[in-house]
1. Please compute P(r) over all alpha-carbon pairs of the chain, binned at 20 Å starting from zero, and give each bin as a whole-number percent.
2. Suppose the Debye formula is applied to equal point scatterers at every Cα of segment 124-275; what is log10 I(q)/I(0) at q = 0.16, 0.17 Å⁻¹?
3. Can you sort 255, 236 so the residue with the fewest Cβ neighbours within 10 Å comes first?
4. Could you give the length gained on full extension between residue 140 and residue 339, defined as 0.36 nm per residue of separation minus the Cα-Cα distance, in nm?
5. What order do you get for 263-275, 36-48, 208-220 when each peptide is scored by the mean count of other beta carbon atoms within 10 Å, highest first?
6. Between segment 157-173 and segment 41-91, what is the separation of their alpha carbon centroids in Å?
7. If you count, for each residue, the other Cβ atoms within 10 Å and average over each peptide, how do 192-202, 96-106, 311-321 line up from highest to lowest?
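Rule-based calculations on the coordinates, nothing more; no lab input. Every value quoted in this text rests on a predicted model; they were computed, and no experiment measured them. We place every Cβ from the backbone using ideal geometry, glycine too, and count neighbours over all the protein chains shown.
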Ligand SMILES: NC(=O)C1=CN([C@@H]2O[C@H](COP(=O)(O)OP(=O)(O)OC[C@H]3O[C@@H](n4cnc5c(N)ncnc54)[C@H](O)[C@@H]3O)[C@@H](O)[C@H]2O)C=CC1
Ligand SMILES: O=C(O)CCC(=O)C(=O)O
Ligand SMILES: [Mg+2]
């Protein structure tokens, strides 16, 4: 199915500290026009503008053959017409097939639905891929962490099907389908095969949600046993997985999860390796791929303060370049980013420094 998932193809020097090459689906890659790819750029809310500016500056400096088509979308209630913005973004992504995206804010009210979720559903970018790996130079309590989260991105607890039956009684539907579970399971196993990973763990709560999570658990196990006998498959209850993740994360290789457990585990994963500013991510469908920071934080509290860590966005952009087959550009940019982090002289406050986003970006530029 995902025949074009790239093998780890990084140079030996990068191997120990780079994330795996990323999955791409068997959909045709975007076409180049005038020698360049057009990529939809959605800076998003909070720190989005600052961290995507950092990527744009780096791409320009390196001469990456990518032209950005910028679309402003905001989840902030005050900011313009949501329906028009999201339609424009979806049309652009459908045209370009590929996007780089910051995170869109969702108010905690009963009215405004998540635009992030709407975009993922509309494009059917069903597989969220988040890479949790220690970065040399970023000190963490636990070491040698290197696991991948494959999260179902379009159903589960994020289905948004809720109603109040009578005042004080709310029903919230979690949808799990065999079809969508099979495809996320195959994505996880294909990714394992192509990236030399050996173990897929299905995360669930089948002891309580016997039908929904029972279906998820059993389907992953069945697909593993029948189609991927060379990959080991285990399952683990989500509560225990959370505990294991903060005590013995080295046991995990690939976790395949329903939607909400993936969000929670991506946050745990980010905390393990240094925070939300460091973890890259991507969303794949059959036709489209959208790259965005893996644990999807908005960072409204630090907006326009020039302190955001752009690493997650930069590494998401290098995943995107690998998806486009622009590996040499990806290698140069990720190497420079890792070098700056390893040296530790210039670092943003989230990882213990006092440098600005601009200074961090300049330090990367100086390595290129
Ligand atoms: N609140 C929202 O509108 C949305 C929330 N989410 C989800 O909700 C959960 C938590 O989100 P929030 O409470 O909004 O978290 P948040 O955006 O407030 O971030 C939490 C903390 O991390 C810091 N942070 C985030 N990005 C950073 C960066 N690049 N560099 C340095 N520091 C950074 C922030 O300053 C903040 O202190 C996550 O699972 C996220 O995926 C996802 C999309 C929208
Ligand atoms: O879009 C949102 O507001 C929240 C979504 C979320 O937590 C996630 O996608 O990880
Ligand atoms: Mg989340």
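1. 31, 61, 9, 0
2. -0.84, -0.93
3. By the 10 Å Cβ count, ascending, the order reads 236, 255.
4. My answer for the length gained is 69.9 nm.
5. 36-48, 263-275, 208-220
6. Using only Cα atoms to place each centre, the spacing works out to 33 Å.
7. In descending order of packing, they fall as 311-321, 96-106, 192-202.
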